[in-house]
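Read the figures in this text as sums done on the coordinates, not as results from a lab. Just so we're clear, the structure is a prediction, and the values are computed from it rather than from any experiment. Every residue, glycine as well, gets a Cβ built from its backbone with ideal geometry; the counts of neighbours run over all protein chains shown.
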């Protein structure tokens, strides 16, 4: 009798041990999904090319923008999709959509052009238009003169289309220094015509615009040689290497105007620079 009771108690102890181990194993598996300390891994993405992702800081290989931490919600969606073994019928289309040209929300800030005239950036320069936008400052002695020269060549290649079908816009990243007069003198070096608008203005408004366009920098000298090309009417935008050959940039502008912008073309612009 004692032996039977002992065996029963031993079996019960084994069952209780197995039941208590199961939740612990599950908890360990869940904890393994994230680093110790409860911190989720940070995923860095490009604001203009969300398909570009990295586990560490760096720059986008397509547009050279600094990668930024993805939102917690976005990371959660990425993790959920990675854990799902089967995809819904529309999943392939959604994945392809992430490679589509980016859309932009552009503030209609009031600025000054090179002639000192007040302009609403979105309403007067962008709304319904195809545009190419670069970022410069007049005291720059490194990449800004080549950026100006590239726009001068674009202006020449566009001919009568400049201002009529396509607008070139240069935004000062140093509005505290760049008055309309300084911008006009800088633009004159590159024979800026009526289809090429240079803008500056109060620093808060310019900073707001630069943030919206993904071109905000703490130090003007840190800005990158990027050109933003888009078709507002079609809602298509991309970035390209601002010192690429005019033929490459004209091709992107033509694609934007036709509503067939492909961001993959912009990624090849640097290699085509000359």
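Laid out as a table, the results:
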item	result
Efficiency of FRET between residue 115 and residue 55 - r from beta-carbon atoms, R0 51 angstrom, step 0.05	0.60
Residue 191/residue 217 FRET efficiency (R0 30 Å; Cβ-Cβ; nearest 0.05)	0.65
Measure of compaction for region 110-267 (Cα Rg per 2.2 N^0.38 Å)	0.94
Exposure proxy ranking, count of Cβ atoms within 10 Å, fewest first, for 164, 153	164, 153
Fewest-first ranking of 254, 222, using other Cβ atoms within 10 Å as the exposure measure	222, 254
Shape of region 151-244, Cα gyration tensor, a/c cut at 1.5	oblate
Exposure proxy order (Cβ contacts within 10 Å, fewest to most) of 123, 179, 150	123, 179, 150
